[in-house]
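Novice: Submitted below is the structure of interest, expressed as structure tokens.
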Amino acid sequence: MDRPWQAFVCAAVGGAGFGIANTANQVSGLTCLSGAARSSIALAGSPATFGFGSGATVAGFVIAAADNLRAFQSLYLFDGVTYAVFALVVLVGIPNPRRAKAAAASDREQASGQLLTIGSSSS
């Protein structure tokens, strides 16, 4: 990056990625927990703070040790790849509760229809 606008664009894209990933993380945590256990989500701030601090520390050491532009760009590329992997995990691995409820309702309707058919054929 040779120009300030490039840094601004990278910061904007990184901020948007963080905002999306953070929101998805909170929603997936709430989705996976029962109503009584949702209060434990309040503890999620501590590991996140530790992650930000340790990530910034490691990144600082990488940049200081390499002392060139390629290391800095590689760090941003690695960060982008981790966001993409996290997005795939969320999209593929987290069940959609609305879809599960619709499937359960469909199964109940199908089962009651079968019972109605069995009951009317035995009469």
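Novice: Tally up the residues in the range 75-95 that are outside any helix (DSSP H, G or I) and either closer than 19 Å to Phe61 by Cα or open to solvent by 70 Å² or more (accessible area, probe 1.4 Å) (or both), please. Spell out the reasoning first.
Specialist: From the range 75-95, those outside any helix (DSSP H, G or I) are 94-95; that's our starting set.
Right, trim to either closer than 19 Å to Phe61 by Cα or open to solvent by 70 Å² or more (accessible area, probe 1.4 Å) (or both) and you get 95.
Qualifying residue count, the range 75-95: 1.
Novice: Anything in the range 1-22 that is modelled with pLDDT of 80 or more and loosely packed, with under 11 Cβ neighbours inside 10 Å? List them, or say none.
Specialist: Across the range 1-22, the qualifying residues are Arg3, Pro4, Trp5, Gln6, Ala11, Ala12, Gly15, Gly19.
Novice: Here's another thing I want to ask about it. Can you name the number of the only condition in (1) open to solvent by 70 Å² or more (accessible area, probe 1.4 Å); (2) modelled with pLDDT of 75 or more that Thr117 fails?
Specialist: So the condition that Thr117 fails would be (2).
The values are calculated or read from the model by the stated rules, or taken from the named source; none is laboratory data. Keep in mind that this is a model prediction, so the values were computed, not measured. All Cβ positions, even for glycine, are placed from backbone atoms using ideal geometry, and neighbour counts span all protein chains on display. Note: areas computed on protein heavy atoms with side chains; ligands, DNA, RNA excluded. Shrake-Rupley method; radii C 1.70, N 1.55, O 1.52, S 1.80 Å.
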